[in-house]
Amino acid sequence: MKLDHVYHTYSKKTPYQFEALKDVTLTIEEGTFTALVGHTGSGKSTLIQHLNALLLPTQGQLTVNGVSIEANKQPKNIKSLRQYAGLVFQFPEYQLFEETVEQDVMFGPLNFGMKPEEAKKRAHEALHLVGLDESFYSRSPFELSGGERRRVAIAGILAMQPKVLILDEPTAGLDPQGAKAMMSLFVSLFQQGMTIVLVTHDMELVYEYTDHVVVMQEGHVLKKTTTLDFFLTPIEGYPVMHPPFLQLLLLVQAKGIDLPFDQIKNLMQLITYLKEIQRWPV
Ligand SMILES: Nc1ncnc2c1ncn2[C@@H]1O[C@H](COP(=O)(O)OP(=O)(O)OP(=O)(O)O)[C@@H](O)[C@H]1O
Ligand SMILES: [Mg+2]
């Protein structure tokens, strides 16, 4: 996926005009797990909606899976584009609308012209992936818990079998266990070859799961780098919070203590464990 001098202005030529993306040139390689970070309002959600042509650039151009998306032009092959890049909005559970879970997850595949039996099969596979068994098929999405509803919404995207999965704050509002289960699912999809783009404010997720980081600031790309470099090289104008493991590592190094990496990891695991069993003042 390649963006070339992309601009996006909301409500152009009105008093509410707002330039949310400014001259964004960026490549996201296939097979990567990329974090998209930046302060609130920096343009992250605006950017990702360009990747499957939900929003079109008001200036500039991007190429996704060989399809060109240009300013003011309805792209060709929009269906294949949407199938290629599946976009999970922030709080996707608010977009469920069918009577049953099964129908909701089947909606995408049916809409893309798949036969009902095939769509059903895909829906069942996707629901299995997100950890919802057949007892959920005939339930109404509205009677589920927030976390379950989110999983149904994600299954709806997975049922399209996208090659790229774009996630806008997928763990926001979930409890730690739910968040971990959700991230494990994305990791396993990544390991099976899916490209993942994760919008997040959570530096622990960035550190633990991603391999590249794109930093947005006021509609620009401030930096694109590897995850390790993101944490180790200071970025002017964007102070990065180090996750606890890295803080400990740097602290130990700063004290001149020569502790092997593995031992620091063990120490960190111990601290995490103590925190979990609540014997540690957080
Ligand atoms: N439909 C819209 N009309 C006008 N301005 C908008 C619209 N949607 C977003 N904006 C503005 O564009 C800017 C970028 O918004 P965007 O939602 O892309 O930010 P974000 O980085 O995703 O923020 P957050 O971390 O809070 O989700 C913000 O200043 C926002 O107010
Ligand atoms: Mg956003």
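The values are calculated or read from the model by the stated rules, or taken from the named source; none is laboratory data. For clarity, every value in this text was computed on a predicted model and none was experimentally measured. Quick reminder, even Gly has a Cβ in these numbers, built from the backbone with ideal geometry, and neighbours come from all protein chains shown.
The figures follow:
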quantity	calculated
The lone exception for VAL214 - which of (1) modelled with pLDDT of 95 or more; (2) hydrophobic (A, V, I, L, M, F, W, C); (3) over 24 Å from LEU246 (Cα atoms) it fails	(3)
Residue list for region 219-264, filter: of a type in the set (Lys, Arg) and not assigned by TED's automatic domain parsing to the domain that holds LEU47	LYS255
PRO162 vs. criteria out of contact with any His (no Cβ under 6 Å at 6 or more places or on another chain), closer than 19 Å to HIS50 by Cα and either within 16 Å of ligand 2 (Cβ to nearest atom) or not polar (S, T, N, Q) (or both)	yes
Failed item in (1) crowded, with 18+ Cβ neighbours inside 10 Å; (2) at positive phi; (3) at pLDDT below 90, with GLY173 passing the rest	(1)
Unique match (being in a loop (DSSP other than H, G, I, E, B) and surrounded by 16 or more Cβ atoms within 10 Å (Cβ to Cβ)) among VAL221, VAL240, VAL206	VAL240
Of the criteria (1) outside any loop (DSSP other than H, G, I, E, B); (2) surrounded by 15 or more Cβ atoms within 10 Å (Cβ to Cβ); (3) at pLDDT 95 or above, which one GLY108 fails	(3)
Criterion violated by ILE166 - all others in (1) farther than 19 Å from PHE190 by Cα; (2) at pLDDT 95 or above satisfied	(1)
Scope region 22-47; condition assigned to a strand (DSSP E or B), more than 7 Å from ligand 1 (Cβ to nearest atom) and at positive phi; matching residues	ASP23
Index of the failed condition, SER68 passing every other in (1) surrounded by 15 or more Cβ atoms within 10 Å (Cβ to Cβ); (2) part of a strand (DSSP E or B)	(1)
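Yes/no per residue for (1) within 17 Å of the chain's Cα centre (by Cα); (2) modelled with pLDDT of 95 or more; (3) within 16 Å of ligand 2 (Cβ to nearest atom); (4) not assigned by TED's automatic domain parsing to the domain that holds PHE190:
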| position | (1), (2), (3), (4) |
| --- | --- |
| PHE18 | no, yes, yes, no |
| LYS22 | no, yes, no, no |
| THR32 | yes, yes, no, no |
| VAL37 | yes, yes, yes, no |
| THR40 | yes, yes, yes, no |
| GLY43 | yes, yes, yes, no |
| GLN61 | no, yes, no, no |
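Condition check ((1) in contact with a Pro (Cβ under 8 Å, 6 or more places away or on another chain); (2) in contact (Cβ under 8 Å) with a residue 12 or more places away in the chain; (3) crowded, with 19+ Cβ neighbours inside 10 Å; (4) outside any helix (DSSP H, G or I)) across all residues:
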residue	(1), (2), (3), (4)
ALA119	yes, yes, yes, no
GLU125	no, yes, no, no
GLY131	no, yes, no, yes
ARG139	no, yes, no, yes
ILE154	yes, yes, yes, no
GLN161	no, yes, no, yes
